[in-house]
Amino acid sequence: MSVFKHLEPAWARALLRRTRFDDTDFQGDVLSVMTMISTALRSGSALPQISPCPLLDRFMTLYHGLDIIHKESEEDYGLPRTLTLETLKDEQYLFFCVGVSTAYGLITRLDRLMVAAKEIVGEQYHIHGIGFGRTYTKEPEFGAGSGDTPGVHFRLSQET
């Protein structure tokens with residue numbers, strides 16, 4: 001990730017800690033999911049019924065909220081623990097947020113890739129905790145804009 005090129009060492013350590021990319025157990029889970037998916041797609045064989053998925057559950061084991069460093073963390077790397085106006089103005093915080101968002105995107109895509117790989121090799125069983133969740137559909141509504149012109153609104157639809 002090129003985000004690390006822009007981060008100061010303290011912010012980079014905080015990012016690795018926040019995303020769990022410094023945790024060897026989590027790294028092993030991510031690598032095993034990648035290996036399982038690539039092996040199943042290459043060989044067409046079934047995936048193991050027990051896997052580390054959903055990775056997102058492991059990714060978010062600690063709830064940080066808007067805190068930069070978890071409240072119970074021993075080390076703060078010299079960074080502010082909570083979000084302040086000065087922190088919001090800090091360019092390093094911007095890169096930190098981009099890194100967290102990118103890591104979240106990678107992990108959710110690996111979970112979805114596992115579901116897709118299972119479907120491709122013909123498996124039908126469910127992985128608890130992995131769903132495609134909420135989707136937004138675009139619907140024209142009359143009378144929403146000025147006059148009788150249709151306005152476009154987004155409606156939340158739940159998939160089951």
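Brief remarks follow.
- Calculated log₁₀ intensity ratio I(q)/I(0) where the Debye formula runs over C-alpha points of the stretch 4-60, q = 0.17, 0.18, 0.27, 0.30 Å⁻¹: -0.65, -0.69, -1.04, -1.15
- Per-residue SASA entry for Glu75, accessible area with 1.4 Å probe, Å² rounded to 10: 100
The values are calculated or read from the model by the stated rules, or taken from the named source; none is laboratory data. Owing to the predicted nature of the structure, the values given are computational and were not obtained by experimental measurement. These accessible areas exclude ligands, DNA and RNA; they are computed on the full protein's heavy atoms, side chains included. Shrake-Rupley method; radii C 1.70, N 1.55, O 1.52, S 1.80 Å.
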